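The values are calculated or read from the model by the stated rules, or taken from the named source; none is laboratory data. Keep in mind that this is a model prediction, so the values were computed, not measured. Because the Cβ atoms are built from the backbone with ideal geometry, glycine has one as well, and the counts that use them run over all protein chains shown.
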Amino acid sequence: MSFAELGLHPALIQATVDLGYRHATPVQTAAIPVALGGQDVLAQAQTGSGKTAAFCLPLLHGWQQHYQAGLRRPLHGLVLVPTRELAQQVGAVLEALARGLPEQPKVVTLYGGVSINPQLMRLRGGADLVVATPGRLLDVVDHNGLKLSELAVLVLDEADRLLELGFADELASVLDRLPSRRQNLFFSATFPPAVRRLAGQLLHKPAKVEIAMEAAAAPDIVQRAIAVDEGQRTALLAHLCQAEGWRQVLVFVATKLATERLAEKLRRQGLSAAALHGELSQGARSTVLAGFRAGHTAILLATDLAARGIDIAELPVVLNYDLPRSTEDYTHRIGRTGRAGERGMAVSFVSAATEAHFKLIEKRQGLRVAREQIAGFESSEAVLPTTSLVAADGGGVKGKRKSKKDKLREAAAAEATRTGGKD
Ligand code: AMP
């Protein structure tokens, strides 16, 4: 079903388009209209089912309606999650989906393991939507940082993990502080007895949404960004194909000429690579595609336009050798992996020159991807903020300081650039 049929605010429908969601997933189709109607929801949904948007969209819609009617409360929605990572993720999805609304809700994420003071500061003047782990939420409430007594909507995300991680007491304590009149949206992947008891205690005449695992259509895509100097990208691509055993990778490059030149270079290194671009005859295109589909060609180098028509189920890896110009293209590109519910991987090469552009893509997508450095191919350009240093052979983390070998490699790359040999 399309998002336009679910009764959402037009800006939220547009946000789903901007994020590259073409159709609502089954859990979204079932839960959103019920949630918009004000009823409680009990949903069985796994990660990857699109469950986050299934509660974020109604939360934002409801907040917008209240705001427009002049009924802004001190706190509209509270999402309880089991982990810091999930809190950050849900916060980012709320912000990304809210971006086009006429007014922006204040979204605050609260989790432990970091100083509470910045979180208390951020809560000054209140918050519209809070995403929190239960322990830190209670700390914040004890510091008088937040009042829960006028909450309109409570969301429990991954309720089974909340209980597994031992949050039962904290949850009970939070629930005690909530107003009795409120809407509850309850999401859990599994329903062991403790989860069922909690649901029974919390929910009032809920609509039940059960989505079988197989029906979860939203792709599960791991996104990676690797910091690398421009002149090292071809070598790194060849290295990754081998080190990570990529058997089928769709590589996006900026120009027709570059698809040909890169394919040639990779073939010279003994890899099976082919170029796909608009100037090939229909026959040549078909041959190239058939070779890639059948697994004879491991690396397909394509421009955005040429790649439009490629529909290969379960493409395991998509690589942005050159970054796309727009966020929309980014979404289209990564949508080529992890299709039909399969897990996929989207890798982007990011250099000092393209770092700012990639940041913009991240911002528009409402996500943040840690920059990796691959041992032996570390970026020499200091402006890159690196959050992780991962050795390609999985052999642990490498130090930031360059080895002699790295310096030699860089010097060779610089020389190649100077003499026009850069890829
Ligand atoms: P979740 O189950 O909320 O963890 O979502 C899993 C992934 O599916 C996330 O990467 C979402 O961005 C993506 N997603 C959510 N809804 C849709 C949709 N309607 N169509 C395509 N992808 C979606």
remark   = Exception for Gly37 within (1) closer than 28 Å to Arg197 by Cα; (2) in contact (Cβ under 8 Å) with a residue 24 or more places away in the chain falls at (2)
request  = Could you tell me whether region 41-51 includes any residue that is closer than 21 Å to Gly77 by Cβ, surrounded by fewer than 20 Cβ atoms within 10 Å (Cβ to Cβ) and among the aliphatic types (A, V, I, L, M)?
outcome  = no
remark   = Among (1) surrounded by fewer than 24 Cβ atoms within 10 Å (Cβ to Cβ); (2) part of a helix (DSSP H, G or I); (3) within 14 Å of the ligand (Cβ to nearest atom), Gln64 falls short only on (3)
remark   = Counted residues in region 156-188 being under 22 Å from Thr25 (Cβ atoms) and in contact with a Ser or Thr (Cβ under 7 Å, 6 or more places away or on another chain) come to 3
query = Does Pro26 meet the test of being more than 14 Å from the ligand (Cβ to nearest atom), more than 16 Å from Leu156 (Cβ to Cβ) and not small (Gly, Ala, Ser)?
reply = no
query = Taking region 252-310 as the region of interest, how many residues are outside any loop (DSSP other than H, G, I, E, B) and either on the phi > 0 side of the Ramachandran plot or not acidic (Asp, Glu) (or both)?
reply = 35
ask   = Are there any strands (runs of 3 or more DSSP E) wholly within region 113-205 with 2 or more residues that are modelled with pLDDT of 95 or more and of a type in the set (Val, Ile, Thr), and if so which?
value = 129-132, 153-156
key: Unique residue being within 22 Å of the chain's Cα centre (by Cα), over 26 Å from Leu202 (Cβ atoms), within 16 Å of the ligand (Cβ to nearest atom) and of a type in the set (A, V, I, L, M) when the list is Ala87, Ala96   = Ala96
inquiry  = Residue under question is Arg73, and the condition is that it be more than 10 Å from the ligand (Cβ to nearest atom), farther than 15 Å from Glu158 by Cβ and modelled with pLDDT under 90; does it hold?
reply    = yes
request  = Give the number of residues within region 107-132 that are free of Cβ contacts under 8 Å to residues at least 60 places away in the same chain, within 24 Å of Glu158 (Cβ to Cβ) and of a type outside the set (Ser, Thr, Tyr).
outcome  = 14
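Yes/no per residue for (1) more than 10 Å from the ligand (Cβ to nearest atom); (2) under 24 Å from the mean Cα position of the chain (by Cα):
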{"site": "Glu5", "(1), (2)": "yes, no"}
{"site": "Leu19", "(1), (2)": "no, yes"}
{"site": "Ala30", "(1), (2)": "yes, yes"}
{"site": "Gln44", "(1), (2)": "yes, yes"}
{"site": "Phe55", "(1), (2)": "no, yes"}
{"site": "Gln68", "(1), (2)": "yes, no"}
ask   = Residues in region 85-107: is at least one surrounded by fewer than 19 Cβ atoms within 10 Å (Cβ to Cβ), at pLDDT below 90 and part of a loop (DSSP other than H, G, I, E, B)?
value = no
